[in-house]
Amino acid sequence: MALWRYPTIPTSEITPESLYRERRQFMKQSAGLALAAALPSMVTAAENPIKLPDWKQQLASVPASPFSSDEPLTDERTITTYNNFFEFGTRKRDPSDWGHYLKTDPWLVKVEGEVARPGVYDLNELIRPEWLEERIYRLRCVEAWSMVIPWSGFQLSELLKRLEPTSRAKYVVFETLYDPQQFPGQKQETIRWPYTEGLRMDEAMNPLTLMAVGLYGKPLPNQNGAPLRLVVPWKYGFKSIKSIVTIRLQEHQPVSSWQQLAPREYGFYANVNPQVSHPRWSQASERRLGKSGRQATLMFNGYAEQVAHLYKGMDLEKNY
Ligand code: MTE
């Protein structure tokens, strides 16, 4: 078994936080892309030896979002080797051990349902390079651990506006690729495939809701959901569906994979809420990976100011 280990990110390419921050600072101060192109040995060529679509080459230099957290980043190795991605298996190391099976280029995304512009889009057509930015977000997993992750991505609202939802579009549904040849975990019926998640339209349009395509200034590693993954920072990590191939707009509330599997344990909303326990454990505190001890979990994972209004008047014990 060990012989077959195939780390997707070689040790030589792991970026320490200090170097990552320095490099980003340098990119900001430099003349941006033009200079980056003139210094291939420092940044682009070293990390991206093959020719990548334009937006991938820009990931190291995209502007920082004002929504970013200023907490210390979780190190890249932890973010890329301690994963939940059941399509590759249920152990935390499975996604980094088996992620190389997934082919992410070319990547097609089907857009369907209540939109004026349905179709099957190549990912490179969907992404507008000018939308890209870096967002440092806390990710709080329902298993009561958390990380701080520097994503690169774009607001989902930009994409939805471009697709022109109809007035009947009340929910957005996302599905992960179903292909047991590339995802060995799909040979087991752990959950009902394809992995499915959904958001209410106002949640999807909230400026915090991100579609991630990069991590630590590089294209998203397969184990983190390459090439396109949702990030909803005020919800438990399981809402952040990976390797998306379908985006559907619809009138009725969808049933997500975890809700379908264990409806008493996982609801549609899945907002981070320290006052509402999971039936089998408390959600009051969390373990920040890479730090000792535990810390208090914040309502809406610390993003209450931006999102609490979405749930005004709702009973959050019932709508868990
Ligand atoms: N998306 C798919 N398709 N399959 C999964 O098993 N796991 C979820 C979420 N997205 C999952 C998924 C869970 S439980 C968490 S906590 C996050 O991905 C973990 O993201 P990370 O591995 O990038 O930290």
Quiz item: List, please: which pairs have Cβ atoms under 8 Å, are six or more places apart or on different chains, and start with a residue in the range 218-238 that is over 20 Å from P63 (Cα atoms) and within 9 Å of the ligand (Cβ to nearest atom) and end with one that is of a type in the set (D, E) and open to solvent by less than 10 Å² (accessible area, probe 1.4 Å)?
Solution: F238/E197
Quiz prompt | Boolean, R168 is touching a residue at least 12 places away in the same chain (Cβ under 8 Å) and open to solvent by 40 Å² or more (accessible area, probe 1.4 Å) | solution = yes
Quiz item: Residues in the range 253-269: is at least one near the ligand (Cβ under 10 Å from one of its atoms) and either small (G, A, S) or not in a loop (DSSP other than H, G, I, E, B) (or both)?
Solution: yes
Quiz item: Within the bounds of the range 294-305, is there any residue that is out of contact with any helix residue (DSSP H, G or I) (no Cβ under 6 Å at 6 or more places or on another chain), more than 14 Å from W145 (Cβ to Cβ), of a type in the set (D, E, K, R) and not in a loop (DSSP other than H, G, I, E, B)?
Solution: yes
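Residue by residue, here is whether (1) of a type in the set (F, W, Y); (2) crowded, with 21+ Cβ neighbours inside 10 Å holds:
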residue: P53; (1), (2): no, no
residue: P63; (1), (2): no, no
residue: T74; (1), (2): no, yes
residue: I79; (1), (2): no, yes
residue: R91; (1), (2): no, no
residue: A116; (1), (2): no, no
residue: V120; (1), (2): no, no
residue: Y137; (1), (2): yes, yes
Quiz item: Has the range 106-117 got any residue that is in contact with a strand residue (DSSP E or B) (Cβ under 6 Å, 6 or more places away or on another chain), within 24 Å of F85 (Cα to Cα), of a type in the set (A, V, I, L, M) and within 12 Å of the ligand (Cβ to nearest atom)?
Solution: no
Quiz item: Among the strands (runs of 3 or more DSSP E) confined wholly to the range 94-213, which include 1 or more residues that are closer than 13 Å to I244 by Cα?
Solution: 108-113, 119-122, 171-176, 196-200
Quiz item: Which of the residues that make up the range 93-114 are hydroxyl-bearing (S, T, Y) and open to solvent by less than 10 Å² (accessible area, probe 1.4 Å)?
Solution: S96
Quiz item: Taking into account only those residues within the range 139-158 that are surrounded by fewer than 19 Cβ atoms within 10 Å (Cβ to Cβ) and away from the ligand (no atom under 16 Å from the Cβ), which is nearest to Y266 (Cα to Cα)?
Solution: S157
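The values are calculated or read from the model by the stated rules, or taken from the named source; none is laboratory data. Please read all numbers here as calculations on a predicted model, not as lab measurements. Positions of Cβ are backbone-derived with ideal geometry, glycine not excepted, and every protein chain shown enters the neighbour counts. Note: areas computed on protein heavy atoms with side chains; ligands, DNA, RNA excluded. Shrake-Rupley method; radii C 1.70, N 1.55, O 1.52, S 1.80 Å.
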